[in-house]
Amino acid sequence: MAPVVTLTLNPAVDMSTSTEYVVGDRKLRCETRVVEPGGGGINVARVLFELGVATEAWWTRGGAVGERLGHLLDATGISHRSIPIEGDTREHLTVVERASGRQFRFNMPGPTLSEAELDACIDLVAGLDPATPYLVLSGSLPEDAPTDFYARLARVAPAGCRIVLDTSGPALEHGVEADIFLVKPNVNELSALAGTTVEDEDHIREVARSLVRRGGVDVVITSLGAGGATATTAEEHWHVHAPTVRFRSAVGAGDSMVGGLVAGLARGWPLADAIRYGVAAGAATVTTPGTQLCTRADVERLVEQMERGS
Ligand SMILES: Nc1ncnc2c1ncn2[C@@H]1O[C@H](COP(=O)(O)OP(=O)(O)OP(=O)(O)O)[C@@H](O)[C@H]1O
Ligand SMILES: [Mg+2]
């Protein structure tokens, strides 16, 4: 039994490349592309694996892109399990314009899942080894999936398994109605949940507390990009500042943060230490180009720096 299972209902093959200028109506010569497995839960599993925490990544596999994603995951060494689907797994393309450093991200639509395929996901989660400490539900729901699907999964998961949820929009809104251990909105996602723009830290605390008070959510981690993150529980609220780093690409920062955080929790660390590790993992990913995620060496260096208060 792996201490962490991640579920990615809408995974992707992430391709990234660069070109001098992005302009219309002409061929753009691109550098050799980098191809990586992607999608919320898969990125979280990649970070956990890099940080030395055993993980099993569950994902939906469709068509030729799905096969490719399977090969890419095999090459990482991460143990994984796929749910076969009829539709085609999606692809993402990130192009960096070298002249300006701007990043253009093209995300193709993902497949829809049939009733039977959605039921297969429910059955898989219902049959999860009850001794699994953490289940991470991360990323968007498949096109046309019921917006309360994460909440449904949370309801069928074994009682002792702590659920970590990172998604947005209606999937998040319904998800927080279920029994969730930890939810990680960014400040825009928190604002959408609150139905108003969350302006300052007092406001973050108020909205996050209301999620906790409603019953199902134990911990709200609100990520603030370069501002780090805040943590809110029934009793406490605090802010963890991110270290200052050289910015390359923010792709995967949120997933890395969740990966670092869950790595700390899976090792049995106190929440405050796990959050610091998560913030360091997010910051470390920002220093890598394109869709590349953090390295363990960078995360540990940044944690030490944060502990020294520099
Ligand atoms: N510019 C930055 N400098 C340092 N750390 C950063 C920066 N941007 C992000 N981070 C780190 O990554 C974490 C997550 O970033 P962010 O709040 O942007 O998540 P997100 O909006 O969920 O991202 P994503 O688009 O990947 O879902 C932050 O809490 C912080 O630790
Ligand atoms: Mg995010």
What is the distance in Å between the Cα centroid of region 64-120 and that of region 268-310?
26 Å
Can you list, largest first and rounded to whole Å, the semi-axes you get for region 41-104 by taking the square root of 5 times each eigenvalue of its Cα gyration tensor?
25, 19, 9
Please compute one quarter of the surface area of the Cα convex hull for the chain and express it in square nanometres.
16.1 nm²
Kirkwood Rh for region 21-138 from C-alpha pairs, in Å, is 16.5 Å
Sorted by accessible area (1.4 Å probe), largest first, how do SER140, SER16 line up?
SER140, SER16
P(r) histogram, all alpha-carbon pairs of region 204-291 included - 10 Å bins from 0, percent:
19, 46, 28, 6
What fraction of the Cα pairs in region 1-73, stated in percent, has a spacing above 19 angstrom?
46 percent
Largest first, what is the accessible-area ranking of PHE181, PHE149, PHE104 with a 1.4 Å probe?
PHE104, PHE181, PHE149
Cα extents of region 132-183 along the principal axes, largest first, in whole Å, come to 29, 17, 17
Hits for the chain under the membrane-span-like helix rule (DSSP H, Cα axial span at least 15 Å, Kyte-Doolittle mean at least -0.5) are 40-50, 63-76, 115-126, 253-266, 271-286
Name the residue farthest towards the positive end of the dipole of the chain from the options VAL53, ALA250, ALA208, assuming +1 on Cβ of Lys and Arg, -1 on Cβ of Asp and Glu, about the Cα centre.
ALA250
Please list, by residue number, every one of the trypsin sites (Lys or Arg not before Pro) in region 24-56 that is coil in DSSP and has at most 13 other beta-carbon atoms within 10 Å.
ARG26, LYS27, ARG29
How big is the Rg/Rh ratio for region 59-196, C-alpha atoms only, Rh by Kirkwood, two decimals?
1.00
Once the whole set of protein chains is in place, how much accessible area is left on TRP269, using a 1.4 Å probe, in Å² to the nearest 10?
80 Å²
With Rg from the Cα atoms and Rh as the Kirkwood inverse mean 1/r over Cα pairs, region 73-123 has an Rg/Rh of 1.16
Given Cα pairs under 8 Å that are at least 6 residues apart, what percent is the relative contact order of the chain?
15 percent
Within region 163-244, GluC sites (Glu not before Pro) in DSSP loop having at most 13 other beta-carbon neighbours inside 10 Å
GLU199, GLU235, GLU236
Ordering 66-72, 258-264, 217-223 by per-residue average of other C-beta atoms within 10 angstrom, highest first, gives 258-264, 217-223, 66-72
How charged is the neighbourhood of LEU124? Take every other residue with its Cβ under 13 Å from the Cβ of LEU124, and add Lys/Arg as +1 and Asp/Glu as -1.
-2
Efficiency of FRET from Cβ geometry, THR295 and SER100, R₀ 22 Å, rounded to 0.05:
0.25
Taking the square root of 5 times each eigenvalue of the Cα gyration tensor, what semi-axes in Å does the equivalent ellipsoid of region 263-304 have, largest first?
20, 9, 8
So, for region 227-305, what is the accessible surface per residue at a probe of 1.4 Å, expressed in square angstrom?
37 Å²
Tell me the carbon and sulfur percent of the accessible area for the chain, rounded to whole percent, probe radius 1.4 Å.
48 percent
Per-selection Rg to Rh, region 156-310 - Cα, Kirkwood hydrodynamic radius:
0.96
Charges at C-beta only: +1 for Lys and Arg, -1 for Asp and Glu. How large is the resulting dipole of region 188-310 about its Cα centre, in Debye rounded to 20?
340 debye
Test of understanding: what is the full-extension gain from ASN107 to ASP200, defined as 0.36 nm times their sequence separation minus their Cα-Cα distance?
30.4 nm
Area of HIS203 that stays accessible when all protein chains are in place (1.4 Å probe, Å², to 10)
40 Å²
Provide the percentage of antiparallel DSSP beta bridges, counting only those with both residues in the chain; round to the nearest 5.
35 percent
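The values are calculated or read from the model by the stated rules, or taken from the named source; none is laboratory data. As the structure is a computational prediction, the values presented were derived from the model and not from experiment. Every residue, glycine as well, gets a Cβ built from its backbone with ideal geometry; the counts of neighbours run over all protein chains shown. We work out accessible area using only protein heavy atoms, side chains counted, and drop any ligands, DNA or RNA first. Shrake-Rupley method; radii C 1.70, N 1.55, O 1.52, S 1.80 Å.
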